[in-house]
Structure formats: structure tokens, C-alpha cells
Amino acid sequence: MPVGVGLIGLGMAVKPHMRALRDLEKAGRIRLVGGFSPSADRRAGFAAQWGAPVFSRQEALLDQPELGLVLILTPPGTHLPLAETVAASGRHLLVEKPLEISVARGEALAGLAEAAGVRCGVCLQHRFRPGALRLRQAIESGALGKLLSASASIRWWRDSSYFAEARRGMKARDGGGVLLTQAIHSLDLLLHLAGPHRSVAGFAATSPLRAIDTEDIVAAALRFENGALGVIDATTVARPGYPERIEIAGTEGSAVLEASRLVLHRGGEVERIGEDLAGGGGADPMAFDHRPHRAVLVEMLDAIEQDRAPSNDARSALRVQRLIEDLLRDAETRA
């Protein structure tokens with residue numbers, strides 16, 4: 001039977017999710033129950049664009065008996081109370097990144113979902129790009145040997161229209177800047193590939209380009225639990241925006257993952273996989289392919305059907321938030 005899916009939050013993040021949901025609706029895997037936003041304008045816009053049902057009250061959506069999975073697409077600081085309400089209703093959850101604005105709140109969210117007996121996934125779709133899947137397979141199989149170096153570069157651009165939305169880029173709304181809001185996907189993928197970090201030393205700054213109280217320029221060095229070293233270069237001031245890049249080097253080979261495209265070097269051979277697709281690094285943050293979002297949803301649906309945790313569950317999403325908090329703490333205290 002198709003799983004009934006509802007959405008809470010009908011803002012900018014809706015587009016790739018809805019495109020993915022429409023694909024899965026055609027395939028018979030889900031049935032769209034509808035969406036809720038406290039904003040009447042957003043409800044009207046969602047209904048007009050997608051021809052989907054909307055609810056003027058959150059309770060009305062959660063009262064729908066066919067509802068099995070709820071996508072929480074609201075600002076990060078609202079995830080914990082929303083997840084508590086949804087989990088209490090017995091529905092599974094897929095939460096937009098980041099899981100919450102802090103590790104402590106993220107741990108609380110993961111714990112309440114577990115206590116309620118519902119599955120909770122996080123939308124970290126970069127893990128599901130074909131190039132990323134192939135690179136993880138190569139690393140796990142030992143094709144690159146022992147990892148020696150693993151680094152990430154996220155040199156993006158966000159223009160004034162992006163920050164025109166009220167409180168965007170402010171700690172009170174987003175919990176963090178370039179690390180938690182933009183670079184989190186690439187940093188999560190870096191840890192997904194190379195493993196958790198052991199220590200990090202970093203610098204963070206806020207440029208004069210926009211009136212925000214979060215960082216938009218970061219440079220850091222890190223050591224992984226496996227002994228590999230790496231660097232992080234993350235910013236949203238690099239006009240016009242460039243593809244994010246992860247580089248891995250091991251004793252038997254190396255790899256470069258630029259947005260969706262992988263180049264893998266091992267044993268004198270070169271393997272190329274993936275397409276030159278936009279990654280959302282420019283002024284339009286939604287300019288990316290929706291197929292990885294579809295893969296996230298498929299993993300979530302499979303996990304529900306098989307009664308298991310999704311590979312992108314809430315606990316796995318906490319690794320990147322621990323890295324971000326450690327980095328920013330070091331940048332602030334120089335400890």
C-alpha cells in the first residue's frame with residue numbers, strides 16, 4: 001500500500017521534495033495527503049503550484065488517518081517541538097537538514113523519536129548522489145587503501161535576495177551560518193566517507209556583505225579518527241558560486257568528487273561517474289537535481305516497510321553537527 005505523506009512547512013525547500021514525491025506517487029509508493037503552513041500565502045501558493053491539498057491547521061493534517069510519514073521542512077529551531085508532536089501522533093519523520101540548531105537539541109529529537117517507536121530520517125541527499133555512492137563503495141572495499149587525506153571545499157555565493165527573508169542568516173532563526181546552513185551537506189558527506197573527526201582547529205568570520213550574526217567565511221584543519229588529515233574551506237561570499245568539492249587520497253588511490261561528478265584514480269586506471277549537474281552553489285539555492293531527494297525518500301520508505309532505521313537516521317546526522325560545534329568553539333576560544 002502507498003504511504004500517505006504530509007508536509008509541514010511550505011517554503012523554499014518544498015520544490016525538490018515535491019518533485020520527488022510526484023515521481024514516487026506515479027510509481028505507486030506514496031500518496032500525497034497534503035501540506036500545512038501557518039502562512040495563508042504559502043498555503044495558497046503551494047496549492048496553486050502543485051495542485052495539492054492544504055490544511056489551515058497542523059492538527060487537521062495530523063488527524064488524517066492515512067498519514068504515515070511527515071516531512072518537516074521548517075526553519076531548524078522549530079524541528080524539535082514539531083517532531084515531538086508528530087512522533088506523539090505515531091507518524092514517521094523526515095526532517096530537513098540540519099536536524100536541529102544544536103547537538104543537544106538534535107539528540108533530544110533523536111531520543112523522542114526512538115521513545116515513540118517511529119523512524120526519523122534527515123534530508124542529507126548528497127550521500128545519495130551516484131558519485132558519492134560509488135566513492136563510498138570504493139573506500140569501504142579498500143580500493144583506495146588506507147585513507148591519508150580528506151578535504152572539502154564549498155565556495156558558494158548567496159546574494160542579497162537570499163538574505164532578504166526575515167531573520168535568515170541569524171542565529172535565532174537558523175542556528176548557524178555557512179557551516180550549518182549551506183556547507184552541512186558536503187561536510188556530512190565528508191564524514192560519511194572518511195569517518196568521524198577526532199579534532200579540529202578553525203577560523204570563522206562574518207563578511208561585511210550582509211547584515212547577519214552568523215559566519216559566512218570558514219577555514220579549518222582536522223584530524224579524523226582513522227588518522228587522516230584534511231582541511232575545510234567554506235564560504236558564501238565566492239561570487240558567482242562554484243561546485244562543492246571533496247578530495248580523498250589513500251595509499252592505493254585518490255578521488256575528486258565535484259558536485260555530482262566523481263573522478264576515481266586507482267591502480268593506474270581512471271573511472272568517471274556522474275553528471276555535471278548544478279549543485280545549488282550560486283545565487284539560486286534550489287538550482288539542483290531532485291533525484292537525490294527522491295533517493296532519500298525511497299530509503300525512508302524502504303526503512304518503514306522493512307521496520308529498520310534509515311541509513312540517514314537522526315543519530316547519523318549528529319556527527320556533522322558535532323564537527324560544526326567543535327569547529328566554531330575552537331574559532332571562538334582558540335582552544
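The values are calculated or read from the model by the stated rules, or taken from the named source; none is laboratory data. Note that the structure is a prediction, hence the values are computed from the model and not measured. Positions of Cβ are backbone-derived with ideal geometry, glycine not excepted, and every protein chain shown enters the neighbour counts. SASA here: full protein model, heavy atoms, side chains in, ligands and nucleic acids out. Shrake-Rupley method; radii C 1.70, N 1.55, O 1.52, S 1.80 Å.
Here are some residues: Ser186, Ser153, Ser149. Which one is modelled with pLDDT of 95 or more and touching a helix residue (DSSP H, G or I) at 6+ places or on another chain (Cβ under 7 Å)?
That would be Ser186, the only listed residue that is modelled with pLDDT of 95 or more and touching a helix residue (DSSP H, G or I) at 6+ places or on another chain (Cβ under 7 Å).
So which of Ala166, Ala205 is out of contact with any Asp or Glu (no Cβ under 9 Å at 6 or more places or on another chain) and either surrounded by fewer than 20 Cβ atoms within 10 Å (Cβ to Cβ) or free of Cβ contacts under 8 Å to residues at least 24 places away in the same chain (or both)?
Checking each option against the conditions leaves just Ala166.
Here is a yes/no grid of residues against (1) out of contact with any Gly (no Cβ under 6 Å at 6 or more places or on another chain); (2) closer than 30 Å to Asp307 by Cα:
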{"position": "Arg129", "(1), (2)": "yes, yes"}
{"position": "Leu144", "(1), (2)": "no, no"}
{"position": "Ala152", "(1), (2)": "yes, no"}
{"position": "Tyr162", "(1), (2)": "yes, no"}
{"position": "Ala172", "(1), (2)": "yes, no"}
{"position": "Val178", "(1), (2)": "yes, no"}
{"position": "Leu187", "(1), (2)": "yes, yes"}
{"position": "Leu190", "(1), (2)": "yes, yes"}
{"position": "Glu225", "(1), (2)": "no, no"}
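From Val178, Val200, Val118, grab the single residue that is buried (at least 16 other Cβ atoms within 10 Å of the Cβ) and free of Cβ contacts under 8 Å to residues at least 40 places away in the same chain.
Val118
For a quick check of your reading of the model, give me the residue pairs whose first member lies in the range 39-66 and is over 18 Å from Met18 (Cα atoms), whose second is open to solvent by 90 Å² or more (accessible area, probe 1.4 Å) and at pLDDT 95 or above, with beta-carbon atoms closer than 7 Å and at least 6 apart or on different chains.
Close Cβ pairs satisfying both conditions: Glu66/Arg31.
Could you check the range 253-289 and list, in sequence order, the residues that are over 30 Å from Lys146 (Cα atoms) and either among the acidic types (Asp, Glu) or modelled with pLDDT of 95 or more (or both)?
Across the range 253-289, the qualifying residues are Asp284, Asp289.
Which residues, taken from the range 134-152, are open to solvent by 30 Å² or more (accessible area, probe 1.4 Å), part of a loop (DSSP other than H, G, I, E, B), in contact (Cβ under 8 Å) with a residue 60 or more places away in the chain and among the small types (Gly, Ala, Ser)?
Listed by number, the list holds a single entry, Gly142.
Can you pull out every residue in the range 225-257 that is surrounded by 21 or more Cβ atoms within 10 Å (Cβ to Cβ), in a strand (DSSP E or B) and hydrophobic (A, V, I, L, M, F, W, C)?
Ile232, Ala234, Ile246, Ile248, Ala255, Leu257
Filter the range 87-115 for residues that are surrounded by fewer than 21 Cβ atoms within 10 Å (Cβ to Cβ), in a helix (DSSP H, G or I) and not hydrophobic (A, V, I, L, M, F, W, C) and give the result.
Of everything in the range 87-115, those that are surrounded by fewer than 21 Cβ atoms within 10 Å (Cβ to Cβ), in a helix (DSSP H, G or I) and not hydrophobic (A, V, I, L, M, F, W, C) turn out to be Arg105, Glu107, Gly111, Glu114.
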